[in-house]
1. Are there any helices (runs of 4 or more DSSP H) wholly within the range 64-146 with 2 or more residues that are touching a helix residue (DSSP H, G or I) at 6+ places or on another chain (Cβ under 9 Å) and modelled with pLDDT under 95, and if so which?
2. Considering only residues that are in contact with a Leu (Cβ under 6 Å, 6 or more places away or on another chain) and either surrounded by fewer than 18 Cβ atoms within 10 Å (Cβ to Cβ) or acidic (Asp, Glu) (or both), which ones fall in the range 5-40?
3. Tell me which of these Ala88 doesn't satisfy, since it passes every other one: (1) loosely packed, with under 15 Cβ neighbours inside 10 Å; (2) under 25 Å from Pro128 (Cα atoms); (3) touching a Lys or Arg at 6+ places or on another chain (Cβ under 8 Å); (4) not acidic (Asp, Glu).
4. Considering (1) outside any strand (DSSP E or B); (2) under 18 Å from Lys75 (Cβ atoms); (3) more than 15 Å from the chain's Cα centre (by Cα), say which one Arg15 fails and leave the rest.
5. Scanning the range 72-122 for residues that are of a type in the set (Ser, Thr, Tyr) and away from the ligand (no atom under 16 Å from the Cβ), which turns out farthest from Asp9 (Cα to Cα)?
6. When only residues in the range 41-70 that are in contact with a Leu (Cβ under 8 Å, 6 or more places away or on another chain) and over 15 Å from Val29 (Cα atoms) count, which is nearest to the ligand (Cβ to nearest atom)?
7. Across the range 101-129, what is the number of residues that are touching a residue at least 60 places away in the same chain (Cβ under 8 Å) and exposed (fewer than 14 other Cβ atoms within 10 Å of the Cβ)?
8. Only residues that are within 11 Å of the chain's Cα centre (by Cα) and part of a strand (DSSP E or B): list them for the range 52-63, please.
Amino acid sequence: MQYSEKVMDHFTHPRNVGEIDNADGVGTVGNAKCGDIMRIYLDVDENDVIVDVKFKTFGCGAAIATSSMATELIKGKTIWEALEITNAVVVEALEGLPPVKVHCSVLADDAIKMAIADYLKRNGREVPFDIPADDDDDHHGTEDED
Ligand code: FES
């Protein structure tokens, strides 16, 4: 299966890579399927607008491309608008991903949700949505043989 031009563009020239010092919210998730990790940093202003966003990942090319696209889509939006941008929206914006790579796209989505939840909690506010788990229960073949 071929990657779309958009995926290749965001993979080879990823947007918003890096860290934000003193970020207003940080979210880190691991992907149980491959063990890869994603961290999202958010700068949010007093109107809940995401003024800056950066990501760091140990993920594959598809994870890099989806994070790059996801961060582009949420920048300048309120946290509430950002929550509406699901990984399906991101995958569509990238003109599709091979089915075996869709789990990679979930990383950015979950890390963004966690970073928004972190921002709300730091401000003593309620988190009115489910916070994704740091891992899913879908662990296979990793039992310790000791
Ligand atoms: Fe791990 Fe894609 S294979 S994020």
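The values are calculated or read from the model by the stated rules, or taken from the named source; none is laboratory data. Quick caveat, the model's predicted, so the values are computed rather than measured. Positions of Cβ are backbone-derived with ideal geometry, glycine not excepted, and every protein chain shown enters the neighbour counts.
1. Working: elements: 79-84, 87-93, 102-122.
Of the helices (runs of 4 or more DSSP H) lying wholly inside the range 64-146, those with at least 2 residues that are touching a helix residue (DSSP H, G or I) at 6+ places or on another chain (Cβ under 9 Å) and modelled with pLDDT under 95 span 87-93, 102-122.
2. Lys6, Asp24
3. (3)
4. Arg15 satisfies every listed condition except (3).
5. Taking the range 72-122 and keeping what is of a type in the set (Ser, Thr, Tyr), we get 78, 86, 105, 119.
Restricting the remaining residues to those that are away from the ligand (no atom under 16 Å from the Cβ) gives 78, 86, 119.
Details: Thr78: 26, Thr86: 21, Tyr119: 30 Å.
The selected residue is Tyr119.
6. Within the range 41-70, the subset in contact with a Leu (Cβ under 8 Å, 6 or more places away or on another chain) is 50, 52-53, 57, 59, 62-63, 65-67, 69.
Now drop any that are not over 15 Å from Val29 (Cα atoms), which leaves 50, 52-53, 62, 65, 69.
Details: Ile50: 23, Asp52: 24, Val53: 19, Ala62: 5, Ala65: 10, Met69: 14 Å.
So, considering only residues that are in contact with a Leu (Cβ under 8 Å, 6 or more places away or on another chain) and over 15 Å from Val29 (Cα atoms), the one nearest to the ligand (Cβ to nearest atom) is Ala62.
7. The qualifying residues number 1.
8. Residues satisfying the conditions are Val53, Lys54, Phe55, Lys56, Thr57.
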